[in-house]
Structure formats: C-alpha cells, structure tokens
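What follows is a short report on a single structure.
The values are calculated or read from the model by the stated rules, or taken from the named source; none is laboratory data. This one's a predicted model, so the numbers in the text were calculated from it and none came from an experiment. Every residue, glycine as well, gets a Cβ built from its backbone with ideal geometry; the counts of neighbours run over all protein chains shown.
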Amino acid sequence: MEGEIVKKLKVLGKLEKVQKNAWWVDADMKHFDRLFNTLRMMGVEYISTISGTEEKGVISVVYHCELHGKTLNVRFRIPAKDPKIPTITGVFPGVELYERELAEMLGVEVTGHPDPRPLFLADASPKTPLRRHTI
Amino acid sequence: MTTRNGKNSGKDVEIGEGKNHHAEMGNEKNDGKNNEKTPEEKATASFTLGPQHPAILEPEKLVLQIDGETVISARLNLGYMHRGVEELMQRRNYKQNIVIAEHVCGICSGIHTLSYCSMAENLLGVEIPERAKYIRTIIAELERIHSHMLWAGVAAYEIGFDMLFHSVWRDRELVMDVLESITGNRVNHGMNTIGGVRRDVPKSRHDEILKALGKLEKRAGYYAKVFTKDSMIKKRTVNVGILRKTDAVKLMATGPLARASGVRRDVRKESPYAAYGLVDWDVHVEKGCDVASRAVVRISELKECAKIISSCLKHMPEGELKVKVPPIVPEAEAVFRGEAPRGEIFYYGISRGGLNPYRVKIKTPTYSNALSLSTMLAGAKLADVPIIVASIDPCFCCTDRVTVIDYSTGKTKTVGKNELVNRSGSNGIF
C-alpha cells in the first residue's frame, strides 16, 4: 500500500523525502486546487495544522495532513514580499482557524477566506510577529 | 501564567448556526441584501459570558445571541493568555525548550515534553532506549487519568453536582500521589528529555502504583455508573451539545470529543509512539454525540489507562534510561503527533544547524476543537452553555500561545533575549 501512496504523491508534486512517520511533498502553486481535491479523494480527512515559516525571502506554507497514520506534509513556497495563498476551507472547513493564524502571524493573505479577521493578537500588538527578515 | 492585564481585545471566532456555520460567517456586515434573518436579527438579546466568569474556568469570552433561553449563535473570543511560546522557542536552545514546552499546558505538561522531545529526536534521527519508551507511556497515561478525573469533577461542578465534584477530586489524589512519588511533582514532572527519560520507575515502586491503580479502577467503575445512571446527570447531559459524526469529521474534531461522536480517531492507535504499539489496549468510541457520551468516553478511558500502565510495568525491560545526544542538531525538519488527554497534539520543528531551533510550531487539541463549539452551542439552552463548553475539556492556556508581547509598561514591544536574561537574574545561563 505504501508503494502505491508514494506513487500517487509523486504525481502531486516533488516527493522530497520519506521519514518513518512522515512524507514530505514539495508542491507547485499551479496545482493548488487540484491537489487538495486529490488529497480528499485519497482519504485525507484531517489536517493537523498549517504552519508558516519565513526564510530568505520565501514563506513556506506547510499543510500537515493525516494519511493512514502518517503525516503528509505538503509544502508550498510563496514570495515573502507579497504572500498570497488561496483558502482551502471549501474542501476542508476545519482549517478555518489555522488559516486565520497563518494570516495573522506571517502576514500571508489567505484569499477567499470566509472570515479573514485576526485571531489571537490584540489590536495594539506588533503585526506579523513570526516574520524574521522583513517588516 | 502571564495575563494581558485586561488590555486584550481578544479576537473573535464567530460561531454560526449548526450546519450553516460557514454561510453565517461575517453576517454582522450583512447590509440587508439577504432577506433571510441573520442570527443576530433573530436574537432578542446578547449575553456575554466571560472573560472572567465563575462558570468558565479559564479566561475566554463567549458572546451569545439569545432568543429567550435559547442560544441562536455564539462567538468565542480567544487570545487572553497569549504568551508567545513559539517565538520564545526560537530564542532558546533545544534543552531549554523542554522547560518551555512543559509550561505550554498546566495539566497535560507531560505529553508536551514527550511530543517536543520526540520531535527533537526525529530531527536528530535517534532512537530512545526501550525502557524509556515504557516510562514515557506510564507517565503519559497517569497524566491522562489525572486530566480525565479533573474533567469529570469540573463537569459535575458545571451541572451543579458539587458532591460528585468533591468525590472525584478526592480520588484524583490517588493518581497525583503516584505521580509525585515517581517524579517528585504533581504536575510539570520534568521526566522527559531529548534522548530518553530522566528518572526511573524502579521495581520497588511497582506495588504501590498497582495498588493505587486497583483503587482507581474500582472508583472508575463507580463513576461510570453514576454518569450513566444518575437521573439528574442524565437530564443535564443526554442530548445536550450534539456534535454529529459528519460535523465532527468536517470540523476536524479530535480526542474524546471526536470519539464520543463515533469517529475512531486516536493517534496512539493510528501511529503508535512510545510503547503504545507494544502493549494491548482498545480505543473507546461512543455514538451518542452528546455531553453524556463524552463523559462515558473519558471514564472508560480511565480503565484503559490503568490497563496500559499495568501492562507497561509488567513488560518493561531493564536497560538504559537515555542515550546521549549532541547539543547541535544538523539541518533537518521533523514532525511529531501525539495524543494528549484532550486530543491530538502536534509539534513541527525546523533545524538550520544552530544551537536553537529555527522554528517550532505547536498545535494543541483545544485549538482543533474550538471550531466544533459552533454546532454544539446552536440551539442549546443558556443554562447548558457552561457544561457544553466544558465538554470539550477546553484548555485555552494551550490554545493561545504565539508571540512575545510586553504589556507591563503599557507599551507594545517584543521582549529580546538580553532583557529576558536580565529579568531572570541568571547571568545568561538561561
């Protein structure tokens, strides 16, 4: 079964590495919508969280999905200058808060989000506190 | 720990009506184009619960739109205990971060260090000794017993059954005493370290632990009866706070909340860590989808926990407690998923070869479950709100956690390393 999954993952994007408890896929923004629909069809029902990390002018947005007990980490790289990523709440409604946190902490604009308000920080807090090199 | 000195404006998680949750989002800005009434229009009054309220044990604020006694929609404000743990972890080395991970949550501190240490071990690619795996499991399960009993007491208190609350918390002392005798502390045990565990569970202590577990199992059997048979508890919990299976899956509920809605989701079974794959145990799933089912799931888990612990004590091999690990982690990234008493806990770490991690991302269970409050509160009676909120076993202390903000001077700024070192008065060691 694992071989089949790996084969499918290779179609989704570049399979970076396979660890004991995780697969890492580097995906292209071009296939964004198709990818999440495919994941849904592959049996992904649960996304642990969405994390964002800024490094050298690039923000890596990683969707940590659960697939057959392993974590399937799908990574998209977007420019830190004008970071935008579409929402996936249409396919996975449960990620709503994670996307709001991503927007708040890293200043990534989540386009099409049903409720794009800040989540944790107070009005007077510094903006995008998890950005390292810019702002 | 730190509070925001009342300055917080706590942001809103809007909660709409049941299944139309997402359609309802942002309706406050509705300018009347839609002929259907918004939840706010249907409501006759607004009722604010919190941030400080006797019925809510942690600072969170619920703004309820009500029509008479019925809740139409609710809005949860988060962020009253935002401490900036993820940012702080980038400024500490791997060993120091164990202490920070331990303080993310006051109740399930052990599973946080277990997850953090396992994540760091995944980064390093080290395997811990077998004996350490068993000891980690024992501590995690003792902690689950303590957490679930604490919840059962709080639930009894929320429905006005104070006698039961005192009784459960008295029995909870049994497990607290065991934890104290093994680790030296009731909470924040300081047991896990990167590469293994710090203290042993010696043979001389086994009898004492098994004796306490025997008593606990008996009491758990009694509480199972009370929670399922007592007419007063049944009136307050059966068919209250319904979360259907489809909604639980859709809203990605986790832990006992998901299991009480018929979703077989437990990280300990899905991807066994520590010694969970080495001992025999079962996942308890209920189909009632209400507060009563959540109580049954948690109380049944008490017995499973006792089973896991006795099995671990029996099969624990002799050997080393930890392996030595280098202080510098090579460039890598790793994830770890664990099952906290409240649900899935998730750690993601990136190392860029330095002494400190480049990024640590933490996801706590209440953060996943907060969204599910939507379906549960819509249509509920006002008097049931505290028990419905309590039924997810909320831990907002874990949920609010990302950025360092200093409000002590009234100014907004990020606290730097030097300042923290000065404040700690530790000559830069910490």
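Of the candidates B:E318, B:E331, the single residue that is over 21 Å from B:S271 (Cα atoms), within 14 Å of chain A (Cβ to nearest Cβ) and among the acidic types (D, E) is B:E331. Regarding B:A132, is this residue closer than 21 Å to B:H206 by Cβ, away from chain A (no Cβ under 14 Å) and assigned to a helix (DSSP H, G or I)? Yes. Checked against the criterion of being out of contact with any strand residue (DSSP E or B) (no Cβ under 8 Å at 6 or more places or on another chain) and either modelled with pLDDT under 75 or at positive phi (or both), the stretch B:383-393 contains one or more residues that satisfy it. A:I88 meets the conditions (1) within 8 Å of chain B (Cβ to nearest Cβ); (2) buried (at least 23 other Cβ atoms within 10 Å of the Cβ); (3) assigned to a loop (DSSP other than H, G, I, E, B) in every case but one. The failed one is (1). Among the residues in the stretch B:301-316, are any part of a loop (DSSP other than H, G, I, E, B) and at negative phi? Within the stretch B:301-316, one or more residues are part of a loop (DSSP other than H, G, I, E, B) and at negative phi.
For the stretch A:15-35, enumerate the residues that are at pLDDT 85 or above and more than 14 Å from chain B (Cβ to nearest Cβ).
If we filter the stretch A:15-35 for residues that are at pLDDT 85 or above, which is where we start, we get A:21-35.
Of everything in the stretch A:15-35, those that are at pLDDT 85 or above and more than 14 Å from chain B (Cβ to nearest Cβ) turn out to be A:A27, A:D28, A:M29, A:K30, A:H31, A:F32, A:D33, A:R34, A:L35.
A count restricted to the stretch B:80-114 and to residues that are under 17 Å from the mean Cα position of the chain (by Cα), under 23 Å from A:R132 (Cβ atoms) and either assigned to a loop (DSSP other than H, G, I, E, B) or of a type in the set (S, T, N, Q) (or both) stands at 3.
Taking the conditions exactly as written (touching a residue at least 12 places away in the same chain (Cβ under 8 Å), β-branched (V, I, T) and buried (at least 18 other Cβ atoms within 10 Å of the Cβ)), does B:V267 satisfy them or not?
On the way: touching a residue at least 12 places away in the same chain (Cβ under 8 Å): yes; β-branched (V, I, T): yes; buried (at least 18 other Cβ atoms within 10 Å of the Cβ): yes.
Yes, satisfied.
For first residues located in the stretch B:93-108 and over 24 Å from B:G353 (Cα atoms), partners that are basic (K, R) and lie 6+ apart or on another chain with Cβ distances below 9 Å form the pairs B:H103/B:R83; B:V104/B:R83; B:V104/B:R401; B:C105/B:R342; B:I107/B:R342; B:C108/B:R144; B:C108/B:R342. Of all the listed residues (A:L119, A:L97), the sole one being under 28 Å from B:K269 (Cα atoms) and at pLDDT below 95 is A:L97. Against the criterion of being of a type in the set (V, I, T), within 14 Å of chain A (Cβ to nearest Cβ) and surrounded by fewer than 21 Cβ atoms within 10 Å (Cβ to Cβ), B:V238 does not qualify.
Among the residues of the stretch A:91-118, those that are among the hydrophobic types (A, V, I, L, M, F, W, C) and more than 9 Å from chain B (Cβ to nearest Cβ) comprise A:V91, A:L102, A:A103, A:L106, A:V108, A:V110. If the condition is being in contact with a helix residue (DSSP H, G or I) (Cβ under 6 Å, 6 or more places away or on another chain), surrounded by fewer than 22 Cβ atoms within 10 Å (Cβ to Cβ) and more than 26 Å from A:A122 (Cα to Cα), then the stretch B:83-106 contributes only B:I98.
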